[in-house]
Amino acid sequence: MPESAAPQQEQQPARESFGSRLAAAMAARGPLCVGIDPHPQLLAEWGLNDDAAGLDRFSLTVVEAVASLAAAVKPQVALYERHGSAGMAILERTLAASSEAGVLSIADAKRGDIGSTMAAYADAWLRDGSSLAADSVTLSPYLGFESLRPALDLADRYGRGVFVLALTSNPEGKSVQHVGGSDSVARRIVAAAAAENQRYEGTLGSVGLVVGATIGSALEDLDIDLGPVRGAILAPGLGAQGATPADLRATFGAAYPSVLATSSRGILAAGPSVAALRAATEETLAGLRPE
């Protein structure tokens, strides 16, 4: 066959990036992510057993209640893992139900490793066809930001996203994240995310950061500017953990329009009534919208 007649490789159609989809969802619904955290205490408060049946009822009820209101839902993977294979099967059902209901999903798995192991984690959470594939996944960069490369590249390939831990609210986090002062570990993670988002021109980047809503003055203390990141800032801690919408505005300042605030127990405590969960979600959203 002449060289000019060689068959052309079929190109896959371009996919809309996760950042673009998230930006649209936040603009249409508001900047709220509802955590799906099936703690044993919450299951009991809902009148459910701490077993697979209770987990399933809890998870699908939350999706039913908030899918049309929240920009995203965030199942806490550890609380499914504790139920073994049955729990992971329910997590798969929850992710599928979220997709069917039209709400973006963030698998809160906090995965991080090196080499082929990191590639396997990426394959599980980000590849088309995987039963655990979510719209995005949380990652831990503390084996080095570049160790996340398999997930960063696979997310881009499949139009999915990642949220990288940068500044967390737990007191122990400071012993690693704050090291270096004005050249802190956290600041370097933020800079690496900003560099990664350069591939997403003209839209919100698909590499977001996790920055706790209750970090207080840490951004100022460490001279961290979130503006150049151009990715969403997932901010857990709204509601039951003590942060208010006013706190979020004060903490994030000019970066507040990129903040995706997360409330879990503050909304979930209103269950098991779907109507009550919706009312709690709407009340939370009202406080987050521009004043």
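The values are calculated or read from the model by the stated rules, or taken from the named source; none is laboratory data. Please read these numbers as outputs of a predicted model, since none were measured by experiment. Heads up, the Cβs are rebuilt from the backbone with ideal geometry, glycines too, and the neighbour counts pull from every protein chain shown. These accessible areas exclude ligands, DNA and RNA; they are computed on the full protein's heavy atoms, side chains included. Shrake-Rupley method; radii C 1.70, N 1.55, O 1.52, S 1.80 Å.
A few points about this structure:
- Shape category assigned to region 54-106 from the gyration tensor of Cα positions, a/c cut at 1.5: prolate
- Global size of region 1-156 as Cα Rg and Dmax, reported in angstrom: 18.3, 72
- For Ser105, the residues 5 or more places off, or on other chains, whose built amide H falls under 5 Å of its own are Val73, Asp135, Ser136.
- For region 88-98, Karplus couplings with θ = phi - 60° (6.51, -1.76, 1.60), whole Hz, Gly/Pro x: 5, 5, 6, 4, 4, 4, 5, 5, 5, 5, 4
- Using alpha carbons only: equivalent-ellipsoid semi-axes of region 74-199, gyration tensor based, whole Å: 26, 17, 13
- Measuring nothing but how far apart in sequence close Cα pairs (under 8 Å, 6+ apart) lie, relative to its length, region 207-291 scores a relative contact order of 28 percent.
- If both residues of a DSSP beta bridge must be in the chain, then about 0% of such bridges are antiparallel.
- Within region 135-208, the GluC sites (Glu not before Pro) that combine a DSSP coil assignment with at most 14 other C-beta atoms in a 10 angstrom radius are Glu201.
- Whole-Hz ³J(HN,Hα) from phi, Karplus 6.51 cos²θ - 1.76 cosθ + 1.60, for region 112-126, glycine and proline x: x, 7, 10, x, 5, 5, 5, 4, 5, 4, 4, 4, 5, 9, 10
- Candidate residues His178, His39: accessible-area rank, largest first, probe 1.4 Å: His39, His178
- Close amide H pairs (under 5 Å, H built 1.01 Å from N) link Leu260 with Ile233, Leu234, Ala235, residues at least 5 positions away or on another chain.
- Look at the dipole of region 12-82 built from charges on Cβ: of Ala23, Pro38, Ala72, the Cα furthest out on the positive end belongs to Ala23.
- Computing FRET efficiency as 1/(1 + (r/R0)^6) for Met88 and Val176, where r is the C-beta to C-beta distance and R0 is 25 Å, gives about 0.30.
- Computed 3J(HN,Hα) for region 70-75, one whole-Hz value per residue from the Karplus formula 6.51 cos²θ - 1.76 cosθ + 1.60 where θ = phi - 60°, is 8, 6, 7, 10, 9, x, glycine and proline marked x.
- Loop-located chymotrypsin sites (Phe, Trp or Tyr not before Pro) in region 114-149, at most 15 other Cβ atoms within 10 Å (DSSP): Tyr142
- In region 93-203, taking the dipole from charged Cβ atoms about the Cα centre, the farthest positive-side position among Ala151, Thr94, Leu139 is held by Leu139.
- Charge tally for Ile215 (other residues, Cβ to Cβ under 15 Å; Lys, Arg +1; Asp, Glu -1): -3.
- Theoretical ellipticity at 222 nm over the chain - DSSP helices of four or more residues, -39500 (n - 2.57) apiece, nearest 500: -12000 deg cm²/dmol
- Taking all Cα-Cα distances within region 113-172, those exceeding 14 Å account for 51%.
- Taking amide H positions as modeled 1.01 Å from N, with prolines and chain starts lacking one, the residues under 5 Å from Ser206 and 5 or more places away or on another chain are Gly19.
- In the chain, the portion of solvent-accessible area held by carbon and sulfur atoms comes to 51 percent [1.4 Å probe, whole percent, DNA, RNA and ligands not counted].
- Binning the alpha carbon pair distances of region 80-152 at 10 angstrom intervals from zero yields the distribution 20, 49, 28, 3, expressed in whole percent.
- The modelled label-to-label distance between Arg188 and Glu16, using points 7 Å beyond Cα along the C-beta direction, is 3.8 nm.
- Compactness index (Cα Rg / 2.2 N^0.38 Å), the chain: 1.01
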